[in-house]
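Comments concern the structure below.
The values are calculated or read from the model by the stated rules, or taken from the named source; none is laboratory data. Every value quoted in this text rests on a predicted model; they were computed, and no experiment measured them. Using ideal geometry, Cβ is built from the backbone for each residue, glycine included, and neighbour counts are taken over all protein chains shown.
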Amino acid sequence: MNQSILHIKDLRVSFNQHKDKMNAVTDVSLQIDKGQTVALIGESGSGKSITSLSVLKLLPSNGKIEKGTITFNGKDLIQQSETNMRKIRGNEISMIFQDAIASLNPNMKVGVQITEGLKYHKLVPKSDLKQEALQLLEQVGFKNPSHVYSQYPSQLSGGMKQRILIAMAISCKPQLIIADEPTTSLDVTIQRQVLDLIDQYKTDRDASVLLITHDFGVVAEYADWVYVMLGGHIVESADVFTIFKNPVHPYTKALIGSIPNPENGQERLKSIKDYTFENVGYEGRRFAPETYSYESKAFNAPSSLFEVEPLHYVRFFNEREVISLG
Amino acid sequence: MIIKLMKQPQFVIGMLFIACLLIFSFYWPSLLDVNKKESLKLLDFLYDKDGKVIGAAPFPPSEIPPFGTDLAGKQLFYQVIDGAKYTIIIAIVIAFFRILFSVGITLLNPKSNFSYLNDIVQATLYIPTAILAYLFMNALLVKSELDSMSFSKLIVLQALILIGIGVPPLISTFSREIKTILNRDYIINTFALGSKKSYVYFKHVLPELSTKLFLLFAQQVIQSLILLAHLGVLTIFIGGSRTLMLGDFLDPMPYNIPLAGEWAGIIGMSFSKLQAAPWVILTPLSFFAITIFALNLMVQGIQNCLETNKT
Amino acid sequence: MNFSFHSYLKRLRSTVIGILIISVLPALFFGINTKLEQKVWQYSINGIMYDVFPDVFDRYMYSMTIFFSALLTGLLAALVLTFITTLLPKFLQRVIYGVLTLLESLPDLFIVVVLQVSVIYIYKATGILVANVSNVYNNPIYLLPILTLAVLPTIQLFKITLLLMKEEQHKPYVTVARAMGLGRLYITLKHVFRNILTSLFQYYKTIFVFMLSNLFIVEYVFNLNGVMFLLLNTQGAAFLVTALIIALPFSVLFEIAENNTASVDERKEEDAA
């Protein structure tokens, strides 16, 4: 069971912005095993989406992978040519995007859009495409697939569109699905339905899922392993039980603390004091434990991951801190 | 806003060009140190040293640089330079009054959607503006010949026609524009906080409209220039024309000379001779094209400015 | 295809009323033109009288042949040019965009005159008549007027499609398509171009009105027996009828186009909501 399907090692991605170079992702390492759901959690701007886009090599034109390796099924994706990448995209790794509304071509029937990948990768003969599309639609829970097939995206609701996107993503039977905040733009009532669909596919085909989210509730329900990301760094990683039982990094603690839990008799929602958006340049965008004052030198000091207990890694500035907090 | 516009290189280049052209057009006799009367006189024949005729008008640019002469032998270069001021000023005046009248009429009753004007706007979609203007101008010219109208009265009436043609579409543009502004959230907010109507119009609607007005003004100048050129081709001249007889007694050749020296007139009076003397048409036309290009640069600058305002 | 007969009637009424107002206004302002020898259903060109009927129908067909051929030529040329441009490097694309802005500000009259003069010049210099420059007897010419009329729409459409292309290429659905492993060429042809064509449809009115005005200049300069030339030389009732003959078919087109772009807009609004 412990067979790694995707292994990101020391990934660093930088962006050119107005002549400045900015690191969006710094030395991120991450591993996904076969059949696992791995959650990447963090606030917006923490580099989650950039990490996932790097896997497919779909970074915006001003973004660049500086160093690191991304190993997928034994192949280093960074070394692959664009032609080879095209064969991998959709086919072996597929992605579900957060903005379901804009992610479909408004002028194309959804049925046709679903099977585009199949058609392009020539996985299914042309005559069977429609049949395949109807099956996929049924698989993602549409009661009358033949009706939906010939509708335009504008005629569908947000949740329906997200399900269409899922149908697209699973159409080529990929081994890894990257779900980039698949429920953010949806009503709370539909979120569960969408996540269940992804989970269902995972169990059916023994595939893996990289679930990107900022919602610890979702993580608790679906993930096996959790990586917490902040300011382009992984700040804590462990299996889901450990993280909830014994969160170490202050940011993780704060995130878990912000889940409303009526059983605790907690009356007010906790909020996270926002250090990260105070415009102090990139190096300063690290969550510091409250023992550090904002201006202190240590705040900008280099930090690294420490193993606080077996397979539970936390980012600290130095060893002393590990002892004091861990 | 003006400071911002000055930072748009396109706007500055366009404006500098127009300004230079105007200044040059007003002061060219002293700037080039030539006699204005002398330079604009007719030059029917070219003589060699012994007084023999070696050529007759029109002269191509190769014989009389830089642009040659027109059919009557006037030097095109001086004509075009001298005509620039009339052309540009006429266009600016027309554009200005078009905007003024249409904003005035719209603000008189900003809630109305001017349905009776909509009919006219609908119809003008299918009738080219030049034909529309010709219709009125021709009727006016026939009348002016019958009534022997004074020069100034004719010019005013002609200007009114050219202004009037542009007003209905502008009114519908403005009423639409004002309505969208009034529907903005912050205007509704201002009303909700208890502002007076007049306050909202002067403090919010007009300032928001002002850049747009400037843009529309520049575009209207371009439109007026194009319309003038078209009318010139149709031998409708601003300020009317007088007929000059060229050729000999046996074969008299009536030749319309526009009274005001603007470019459209130069084009119009020899348009029928396009194939024989293309430079007579191409010179003023190129000036039209360059001026319009300069104005378009200004429009681009204003648009850039509007976009940066938004973000 | 949506078409509401009721709203078309409304548009029709307002068009007819508008043309009626325009055709009586000159007489109202400046009195009735007293060229007595001209009858109501006649028009004069160079002092010779012709009957409006049935000339107007032939002229209409001729003008519209030129109009729509030019429109098609322009559209095709613009799409092909856009496609070629997207294959070029970035800085060349910017250069092309700049040149287009420059060309766009050329007045229609300038282009018509320059083309006519240069065809004559080529003829004089080489003896090759690229195309007839004006109607010879009753043989109508097609090639040169169509090409001339197509120049400006080509430039405008080319510029619009380039802009739309730029906008469209950064939309999320393109990223989705790429994440599915589709090739760039496939995405450009299948997705981006399809959407550009739909968006282009929204500019139909600007283009049509602009081209009608150009058509008039082309007819006048090339001395074509077209309907615009007729419109120029008629007055009163004859003007009214000629204008209506031009306006009515176009108003049907506009109505259909407006109804269908409206539904595109609605779709967009729904998307935005």
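Applying the selection to the range C:51-82, what residues are over 21 Å from C:Tyr142 (Cβ atoms) and surrounded by 15 or more Cβ atoms within 10 Å (Cβ to Cβ)? Passing the criteria: C:Val52, C:Leu79, C:Leu81, C:Thr82.
Of everything in the range B:132-191 that's among the basic types (Lys, Arg) and within 27 Å of C:Gly18 (Cβ to Cβ), which residue is farthest from the other protein chains (Cβ to nearest Cβ)? Before you say what the answer is, go through the steps one by one.
Within the range B:132-191, the first condition is being among the basic types (Lys, Arg), and the residues that meet it are B:143, B:153, B:176, B:179, B:184.
With within 27 Å of C:Gly18 (Cβ to Cβ) added as a condition, the list becomes B:143, B:176, B:179.
Numbers: B:Lys143: 4, B:Arg176: 14, B:Lys179: 17 Å.
Here the residue is B:Lys179.
Please verify whether C:Ile155 is more than 10 Å from every other protein chain (Cβ to nearest Cβ) and farther than 19 Å from B:Ile222 by Cα, treating the condition exactly as stated.
Working: more than 10 Å from every other protein chain (Cβ to nearest Cβ): yes; farther than 19 Å from B:Ile222 by Cα: no.
Spelling it out, it is not the case that C:Ile155 is more than 10 Å from every other protein chain (Cβ to nearest Cβ) and farther than 19 Å from B:Ile222 by Cα.
Only one of the listed residues (B:Ile290, B:Ile267) is within 11 Å of chain C (Cβ to nearest Cβ), out of contact with any Lys or Arg (no Cβ under 6 Å at 6 or more places or on another chain) and either farther than 13 Å from B:Asp70 by Cα or of a type in the set (Ser, Thr, Tyr) (or both). That residue is B:Ile290. Within the range B:115-132, no residue satisfies the criterion of being acidic (Asp, Glu) and modelled with pLDDT of 90 or more.
So if I check each of A:Lys126, A:Lys119, which one is surrounded by 15 or more Cβ atoms within 10 Å (Cβ to Cβ), basic (Lys, Arg) and farther than 30 Å from A:Ile41 by Cβ?
Details: A:Lys126 fails: surrounded by 15 or more Cβ atoms within 10 Å (Cβ to Cβ).
Selected residue: A:Lys119, the only one of A:Lys126, A:Lys119 that is surrounded by 15 or more Cβ atoms within 10 Å (Cβ to Cβ), basic (Lys, Arg) and farther than 30 Å from A:Ile41 by Cβ.
Name the residues in the range C:65-113 that are small (Gly, Ala, Ser) and farther than 30 Å from B:Val280 by Cβ, would you? Break it down stepwise before answering.
Quick first cut of the range C:65-113, residues small (Gly, Ala, Ser) only: C:69-70, C:74, C:77-78, C:98, C:105.
Selection gives C:Ser69, C:Gly74, C:Ala77, C:Ala78, C:Gly98.
Filtering A:Ser46, A:Ser61, A:Ser54 for residues that are within 17 Å of A:Gly231 (Cα to Cα) and either within 14 Å of chain C (Cβ to nearest Cβ) or over 13 Å from the mean Cα position of the chain (by Cα) (or both) leaves a single hit, A:Ser54. Comparison of C:Ile207, C:Ile245, C:Ile217 shows that the only residue that is in a helix (DSSP H, G or I) and within 7 Å of chain B (Cβ to nearest Cβ) is C:Ile217. Flag not set for A:Val228, criterion: at pLDDT 80 or above, in a loop (DSSP other than H, G, I, E, B) and surrounded by 19 or more Cβ atoms within 10 Å (Cβ to Cβ).
In the range C:64-89, the residues that are within 30 Å of C:Met228 (Cα to Cα) never reach a residue that is in a helix (DSSP H, G or I) and among the charged types (D, E, K, R) with C-beta atoms less than 7 angstrom apart, at least six apart or across chains.
Listed conditions (1) touching a helix residue (DSSP H, G or I) at 6+ places or on another chain (Cβ under 6 Å); (2) at the interface with chain C (Cβ under 9 Å from one of its Cβ atoms) are all met by B:Pro110, apart from (2).
Name the single residue, out of those in the range A:92-107 being within 22 Å of C:Lys171 (Cα to Cα) and either charged (D, E, K, R) or touching a His at 6+ places or on another chain (Cβ under 7 Å) (or both), that is modelled with the lowest pLDDT.
Filtering the range A:92-107 for residues within 22 Å of C:Lys171 (Cα to Cα) gives A:93-107.
Subset that is either charged (D, E, K, R) or touching a His at 6+ places or on another chain (Cβ under 7 Å) (or both): A:99, A:105.
Values: A:Asp99: 82, A:Asn105: 88.
The qualifying residue modelled with the lowest pLDDT is A:Asp99.
For the range C:215-236, the criterion of being surrounded by fewer than 16 Cβ atoms within 10 Å (Cβ to Cβ), on the phi < 0 side of the Ramachandran plot, in contact (Cβ under 8 Å) with a residue 24 or more places away in the chain and of a type in the set (Phe, Trp, Tyr) is satisfied by no residue at all.
Within the range C:160-184, being within 12 Å of another protein chain (Cβ to nearest Cβ), assigned to a helix (DSSP H, G or I) and either in contact with a Phe, Trp or Tyr (Cβ under 7 Å, 6 or more places away or on another chain) or at pLDDT 85 or above (or both) holds for C:Glu168, C:Pro172, C:Tyr173, C:Val174, C:Thr175, C:Val176, C:Ala177, C:Arg178, C:Ala179. Considering only residues in the range A:139-182 that are farther than 20 Å from A:Ala207 by Cα and touching a Leu at 6+ places or on another chain (Cβ under 8 Å), the one that is nearest to the other protein chains (Cβ to nearest Cβ) turns out to be A:Pro153.
Is at least one residue of the range C:80-102 under 26 Å from B:Phe271 (Cβ atoms) and in a helix (DSSP H, G or I)? The answer is yes; a qualifying residue exists. Against the list (1) buried (at least 17 other Cβ atoms within 10 Å of the Cβ); (2) at pLDDT 90 or above; (3) under 20 Å from A:Ile8 (Cα atoms), the condition A:Ala133 fails is (3).
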